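Working notes, beginning with the structure itself.
The values are calculated or read from the model by the stated rules, or taken from the named source; none is laboratory data. Not measured: the values here are computed from a predicted model. So basically every Cβ, Gly included, is an ideal-geometry build from the backbone, and we count neighbours across all protein chains shown. What goes into the accessible areas is simple: the full protein's heavy atoms, side chains included, and nothing from ligands, DNA or RNA. Shrake-Rupley method; radii C 1.70, N 1.55, O 1.52, S 1.80 Å.
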Amino acid sequence: VVIYLLDEAELNRALTAASNCLKPDGLLLLDVPSRATFANHGCQTDRVNRNVQICSVGSDIYEYNEEIELLKEGNLERVFRDKFLIRAWQASTVLGIAAQCGFELKEDLSSRFRGSGSAYFLLSLSQ
């Protein structure tokens with residue numbers, strides 16, 4: 001998943017490291033979420049209240065805020081909070097940087113994961 005890499009330099013470093021570590025016949029699967037997945041959501045059960053807020057902070061960068069409340073017999077038992085930045089990448093940008101790092105697209109697997117909200121690319125090292 002590339003959304004945790006916030007700029008092209010970070011993506012380049014990560015893909016270069018993957019290229020250096022991959023065996024000659026190794027494969028790399030990239031998960032590139034679509035911008036549509038960057039939406040608020042939540043769920044409630046008798047044991048858990050989960051709320052996720054995703055807010056644009058400019059350009060393709062978003063702030064992810066999550067709060068989870070654990071309940072026991074209807075009473076609040078514990079709260080977990082997490083907040084970090086994520087990026088909505090264009091698949092073409094990711095694949096272009098991957099090519100600069102020595103990868104080639106072996107197969108677009110996105111159709112096998114319909115409804116996931118992501119594009120999936122199987123990469124191999126360029127020959």
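Values for this structure:
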item: Boolean, residue 91 is in contact (Cβ under 8 Å) with a residue 12 or more places away in the chain and more than 15 Å from the chain's Cα centre (by Cα); result: no
item: Residue that is farthest from residue 102 (Cα to Cα), among those in region 54-64 that are exposed (fewer than 15 other Cβ atoms within 10 Å of the Cβ) and modelled with pLDDT of 95 or more; result: 55
item: Complete set of residues in region 108-126 that are over 18 Å from the mean Cα position of the chain (by Cα) and exposed (fewer than 13 other Cβ atoms within 10 Å of the Cβ); result: 126
item: Residue identified as within 18 Å of residue 120 (Cα to Cα) and either β-branched (Val, Ile, Thr) or in contact with an Asp or Glu (Cβ under 9 Å, 6 or more places away or on another chain) (or both) among 52, 79, 32; result: 32
item: Within region 72-94, tally of residues that are assigned to a loop (DSSP other than H, G, I, E, B) and either among the aromatic types (Phe, Trp, Tyr) or open to solvent by less than 50 Å² (accessible area, probe 1.4 Å) (or both); result: 2
item: Top-ranked residue of region 12-30 - restricted to ones that are surrounded by 15 or more Cβ atoms within 10 Å (Cβ to Cβ) and touching a strand residue (DSSP E or B) at 6+ places or on another chain (Cβ under 9 Å), ranked as nearest to residue 110 (Cα to Cα); result: 30
